[in-house]
Structures are given as structure tokens and as C-alpha cells.
1. Being more than 29 Å from residue 3 (Cβ to Cβ), assigned to a helix (DSSP H, G or I), more than 16 Å from the chain's Cα centre (by Cα) and modelled with pLDDT under 90 is the requirement here; does residue 107 meet it?
2. Out of all the residues in region 49-76, which are over 12 Å from the mean Cα position of the chain (by Cα) and in a loop (DSSP other than H, G, I, E, B)?
3. Name the single residue, out of those in region 1-21 being part of a loop (DSSP other than H, G, I, E, B) and either touching a strand residue (DSSP E or B) at 6+ places or on another chain (Cβ under 6 Å) or modelled with pLDDT of 75 or more (or both), that is farthest from residue 48 (Cα to Cα).
4. Given the structure, is residue 24 at pLDDT 95 or above and either in contact with a helix residue (DSSP H, G or I) (Cβ under 9 Å, 6 or more places away or on another chain) or not in a loop (DSSP other than H, G, I, E, B) (or both)?
5. Checking the condition crowded, with 18+ Cβ neighbours inside 10 Å, modelled with pLDDT under 95, in a helix (DSSP H, G or I) and in contact with a helix residue (DSSP H, G or I) (Cβ under 7 Å, 6 or more places away or on another chain), which residue from 81, 112, 102 passes?
């Protein structure tokens, strides 16, 4: 693991240690979604930080999909991981609180659990296939 990325990836993993439970209420789901969204963002930014040593200020305020597209991360993500990034960015942009999008229904809980599972894969992918592979890491375009 890279020197600069290590704390970012650790924090991303800490955010998604536990999968949401079936009995969770709407507030708990919104909190779980926020943890998931933060983990996805940290994993993506870990690669960018590893590439440049710092997080460029102009990327801080951008949408996750825009960050991925402008830096070349989008080109190296498999379709399932692109889908996760799009879903997280979409839910984050439509509301400041995900509770309006996430109901207490079983399908929302199952969907959130699925996102948590895919997010673990995203973190591993960013660590081993992007940060851990110099040829891939060098392809990123961070100004």
C-alpha cells in the first residue's frame, strides 16, 4: 500500500466495517448511507493522493463521477464499481440527507447491504489494482 494512501484507505474501511442490519430505521439507514458514501469517496481520493501527495483543492468540491472522469479513474473502474460511484453520487446530489431516498423497506436495506459489499470491493480494487500498480497509478491525470 502506498505511503500517502494508507490513512485514506484505513478510514474508508473503518466507515464500512459493519453492514446495515435488517431492523434499522430510516435514520440509521441514512447514517449508514453517509458512511458508505464517505468510504467510496475516500477510496477514490486515496489513489489521487497517492499519485500527487496531496488532494488538489479544485477536486474537493466536485461530484464523485466528475472527479473520476476528469482524473482518469473512470477509465480504469470495472462496470460494477462505476455503478456504485454513480449511485452514491446520485443519492448524495439529490438530497443532503439520504433519508428521503432510503425508506425503511426491506428492499432499501438489501440495496444498502449490496452497496456495502461492492464498496469493500472498490476499496480493495483501489488499493491493489490502482495504488499497488505503478503503471495504472501513473495513468491518472491530477493537476
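1. When the stated conditions are applied, residue 107 passes them.
2. 53, 54, 55, 56, 61, 62, 72
3. As a first pass, look at region 1-21 and keep what is part of a loop (DSSP other than H, G, I, E, B): 1-5, 16-21.
From what's left, either touching a strand residue (DSSP E or B) at 6+ places or on another chain (Cβ under 6 Å) or modelled with pLDDT of 75 or more (or both): 3-5, 16-18.
Numbers: 3: 12, 4: 9, 5: 8, 16: 21, 17: 23, 18: 26 Å.
The qualifying residue farthest from residue 48 (Cα to Cα) is 18.
4. Details: at pLDDT 95 or above: no; either in contact with a helix residue (DSSP H, G or I) (Cβ under 9 Å, 6 or more places away or on another chain) or not in a loop (DSSP other than H, G, I, E, B) (or both): yes.
Here the answer is no, as residue 24 does not meet what is asked.
5. Working: 81 fails: modelled with pLDDT under 95; 102 fails: in a helix (DSSP H, G or I).
112 is the lone residue from the list that is crowded, with 18+ Cβ neighbours inside 10 Å, modelled with pLDDT under 95, in a helix (DSSP H, G or I) and in contact with a helix residue (DSSP H, G or I) (Cβ under 7 Å, 6 or more places away or on another chain).
The values are calculated or read from the model by the stated rules, or taken from the named source; none is laboratory data. Since this is a predicted model, take the numbers as computed values, not measurements. In this analysis, Cβ positions are derived from the backbone assuming ideal geometry, glycine residues included, and neighbour counts consider all displayed protein chains.
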